[in-house]
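Heads up: the structure comes next, in structure tokens.
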Amino acid sequence: MSRYILRRLVQLIPVVLGVTILIFTIMYLIPGDPVKMMLGADATIADIEAKRQELGLNDPYLVRLGKFLRDIFLHFDFGKSWVYNVPVTEELLRRLPRTLIIAAACILLQILVGIPLGIIAAINHNRWGDRIAMFIALFGISMPNFWIALMLVLYFSVRLGWLPPYGIGGIKYYILPVIANAFPGIATQARQTRSSMLEVIRSDFITTARAKGMSEFQVIFKHALPNALLPVITVIGNGMGRLLAGTVVIESIFSIPGVGMYLVGGINTRDYNVVQSSVIFLAIAFTLIMLLVDLTYAMIDPRIKAQFAGKKRRRKRHAHHHKCRTHHA
Amino acid sequence: MKKNLLFAISVFMIVALVAGCAPKATEVPTEVPAQPTTPPAQPTTPPAQPTTPPVQPTAAAPAVAPEVTIAISADPSDLSPFVGMSMGRIAVLKTIYEYLLETDAMGAAAVPMIAKSVEKTGDKTYTVTIFDYIYDSAGNHITAADVAWSFNTGMAAGNLRPLGDIESVKATGDYTVEFVFKREFGVGELDKVLTECPIVSQKAYESSADEFATKPVTTGPYVLTEYIPGSRLVFERRDDYWQNDPQYRTLFSQANVQKIIFQVITEPAQHAIALETGSADISAGVTGDDVARFESDPNFTVFKFRDNLTWLLAFNGSEGNPFTKKELRQAVAYAIDTAAMCNAVAPGACEPVHTIGNANFGGYLTKWDNEPYYEYDLTKAEELFAAAGYKPGDLTIKLLAQNDARNALMAQVIQAQLGDLGINVEISLVETPVFNQQKYDPAAFDLLIDAAAGGDFIFSPWLLIYDQNRNKGTTGTFFKDDELQALLMTASSLDGFNAENVDAFQQYQKEQLYAYGMISFYNNVVAVKGITKVVRDTRGQIIPGACEYAPDFK
């Protein structure tokens, strides 16, 4: 297992390198001049040219790419924001905890609500339980999260005065953003779980389990659910990656300075360092999350765990089997 | 299996926990500000440039309120004095820093702040004398050496554009500084330089771990006590503020409230909610129907300020473009109903203009309000269209604008109205960075919806649009006209800035119509009851210390 993890971590290097070159090239090709954004409307052409020269924007593509790769991979320097003059790494690290709180809490909520909802729907297939659960899921998917967010604010902040409508501070500031952001994910999770569960509970081994006289609880939670969880975990992993960069709407509505807002602000102002560094950072985070998802597969499914076993161990096991067969013979 | 499930859940909980336990960062905010409640009365003659700043009249000290919270729309991120300007920084910098001079109102001469006087000692040389009793909040004494160092550091950083006109700055005494400029200045240009660079103690700045990015030490009447990047800034009134002479207390030296909180609220809908829930007291970010709601609510006051921005339609004057024909430009202007545009874009918060600029600016002549300026006349437009050699349906043009709600609406109105004239308009809405690039490309558009602003005199927006020295020998949209340039230079020069020359330029630009001033908006500032006066700086930013509060406010 440790060799597998190490191998995956080594694989991170070409992924990050590829992402770095790709995002640099995209930013190079995308129209829009960052210097005109930085200096404002009253800048003269001479001012603009001087600033472009200072930032190295007049250099050829390969020279700029080379400098960028050198700074990132040799000096681990992501540079400073051109607009705010703050080191990008420092700003990302400052914002990351807020985004992580929202993303992790959303995933947790999706697991705690979405999976049970999907199970209820599946075991009550085509009955009221299914219909109610799927209505909730449909509602969650249909309602845009910004609308849900504003409705929650109007009710819980303006009308009841229970929760702060925006800002950052203690846990209570995160309750509304997390609920609003988790809604679509809960719905997706519920539908995915229902679909997987329906497929599994029609399998022969579930019929066998029932025939053996196992309780319905055991059938569902011991046999059906573990087999239905793999696609659900994939959805959770993808969702976590998406949430890391995709909470911008919620961050904006609730004035939470997170990674998503930083990235979008960087795109709008053509703050190359911010965009490039944020994307690289997110690529690394996403790759690590996918690794975590794969490891979780192994925890749940012994067949996958077996694949993770190192060659040495497999060889050892093979030799053992061979020895046994020889012995029996 | 239960173990495995528990493991998966635990992993996510640990991630959440780690995130929650991460060290608490100090957090930040940003926003929009100010002006008088009624558009200021306009001088008929532009004011002359003073060599020594005039003295600020003494006013009776208003009541000091305990606390006020201002909702701002963007995050300053970096509070250091010498980095570039952003929407977030504009909102708070005047509350943080002090400058050599300060301008209280558009078109007014600058008044002393750090500088006690400014004397012209040569064609391009000025001597600035500062007060000899200036101390920052850490007790550092500010001398001429600090002033020279601040300017030299600002110049080296290259982010404060007006400082590019400085040749050298040096301290010539304990409290005197000599400025040598690269050229002779026109009206208001010296003020622009001397009001641009924050003055700080070199010692304090160099002792700072982050160059004042999060903990600036300044000479202002307020001291920053809390800064949560992305969220809020808290200022406390200084008891030891150095300027005790009331005649020198500028607008920005006022401290009418004990504690100021700038709260960053990025979502416009939340500005209204913040006011309604009592978590903000003033906001310039309330939009649309919400403003009407607050107007009818006795617990709030809506202060209206005319914006400094003028929205204009610029014609492409590059060789071969149809808009090199004056008749066609005039035909387009007559075909556009700016009053109808106002109703479509911002009913009740917009007005047609009579030049590129409005009555906010110093030197604006009120007589222009009564002179014809291409009022909507389709018949006249059709005559001019025919005189330009076109028939309905002959001409298809590309209209370039920024991709936001207001620009999109303006573009649609223009498209419809020019359609009545027989011109086919293809709208190209692009995001701001792309717009800022394409507006310099003669092949990218025929018509351009743009905005021009300024913070002082009427010729400032004209210079932005027309000054051929700034744009490689043509106006911003590629017209070359020596007479226009000569008139503009005269109207904006120290000797030539008078009503006659300003009017001469206005009449010429109106006739040539390289750009057509269309509309100007009003900004609404909503304040809770008890805030009796909202004061804004020339950039439209709220100055909380200068606002006035009822004795029973909070």
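Key figures for this structure:
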| item | result |
| --- | --- |
| Single unsatisfied condition, A:Trp128 versus (1) within 9 Å of chain B (Cβ to nearest Cβ); (2) under 30 Å from A:Ala228 (Cα atoms); (3) surrounded by fewer than 16 Cβ atoms within 10 Å (Cβ to Cβ) | (1) |
| Test: residue in the range A:3-19 that is within 16 Å of A:Gln276 (Cα to Cα) and of a type in the set (D, E, K, R) | no |
| The range B:499-533 - residue that is surrounded by 16 or more Cβ atoms within 10 Å (Cβ to Cβ) and in a loop (DSSP other than H, G, I, E, B) and, of those, farthest from the chain's Cα centre (by Cα) | B:Gly530 |
| Candidate set: the range A:245-258, residues that are assigned to a helix (DSSP H, G or I) and within 11 Å of chain B (Cβ to nearest Cβ); chosen: the one farthest from A:Leu100 (Cα to Cα) | A:Ile253 |
| Residue list for the range B:355-388, restricted to those being within 34 Å of the chain's Cα centre (by Cα) and surrounded by 23 or more Cβ atoms within 10 Å (Cβ to Cβ) | B:Thr355, B:Ile356, B:Gly357, B:Asn358, B:Asn360, B:Phe361, B:Gly362, B:Gly363, B:Tyr364, B:Tyr374 |
| Residue tally, condition farther than 26 Å from B:Ala108 by Cα and either away from chain A (no Cβ under 11 Å) or among the acidic types (Asp, Glu) (or both), over the range B:458-473 | 1 |
| Condition check for B:Ser460: among the hydroxyl-bearing types (Ser, Thr, Tyr) and crowded, with 24+ Cβ neighbours inside 10 Å | yes |
| The listed residue being of a type outside the set (D, E, K, R) and either within 12 Å of another protein chain (Cβ to nearest Cβ) or under 23 Å from the mean Cα position of the chain (by Cα) (or both), out of A:Gly213, A:Gly265 | A:Gly265 |
| Lone qualifier among A:Leu138, A:Leu176 - being out of contact with any strand residue (DSSP E or B) (no Cβ under 9 Å at 6 or more places or on another chain), touching a residue at least 40 places away in the same chain (Cβ under 8 Å), of a type in the set (A, V, I, L, M) and within 14 Å of chain B (Cβ to nearest Cβ) | A:Leu176 |
| Filtered residue count, the range A:150-166, keeping only those that are within 8 Å of another protein chain (Cβ to nearest Cβ), closer than 14 Å to B:Ala269 by Cα and buried (at least 16 other Cβ atoms within 10 Å of the Cβ) | 5 |
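Conditions (1) in contact (Cβ under 8 Å) with a residue 40 or more places away in the chain; (2) in contact with a Lys or Arg (Cβ under 9 Å, 6 or more places away or on another chain); (3) more than 30 Å from A:Arg194 (Cβ to Cβ); (4) of a type in the set (D, E, K, R), marked per residue:
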position	(1), (2), (3), (4)
A:Ser255	yes, no, yes, no
A:Gly258	yes, yes, yes, no
A:Asp271	yes, no, yes, yes
A:Val279	yes, no, yes, no
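Conditions tested, residue by residue: (1) away from chain A (no Cβ under 14 Å); (2) modelled with pLDDT of 90 or more; (3) surrounded by fewer than 17 Cβ atoms within 10 Å (Cβ to Cβ).
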residue: B:Tyr248; (1), (2), (3): yes, no, no
residue: B:Gln254; (1), (2), (3): yes, yes, no
residue: B:Gln263; (1), (2), (3): no, yes, no
residue: B:Ala269; (1), (2), (3): no, no, no
residue: B:Glu276; (1), (2), (3): no, yes, no
residue: B:Ala284; (1), (2), (3): yes, yes, no
residue: B:Asp290; (1), (2), (3): no, no, no
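Listed here are the residues, each with its yes/no results for (1) buried (at least 19 other Cβ atoms within 10 Å of the Cβ); (2) within 27 Å of B:Leu494 (Cα to Cα).
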{"site": "B:Asp123", "(1), (2)": "no, yes"}
{"site": "B:Tyr133", "(1), (2)": "no, no"}
{"site": "B:Trp149", "(1), (2)": "yes, no"}
{"site": "B:Asp165", "(1), (2)": "no, yes"}
{"site": "B:Val169", "(1), (2)": "yes, yes"}
{"site": "B:Glu184", "(1), (2)": "no, yes"}
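The values are calculated or read from the model by the stated rules, or taken from the named source; none is laboratory data. It should be emphasised that the depicted structure is a prediction, and the values quoted were computed from it without experimental measurement. In this analysis, Cβ positions are derived from the backbone assuming ideal geometry, glycine residues included, and neighbour counts consider all displayed protein chains.
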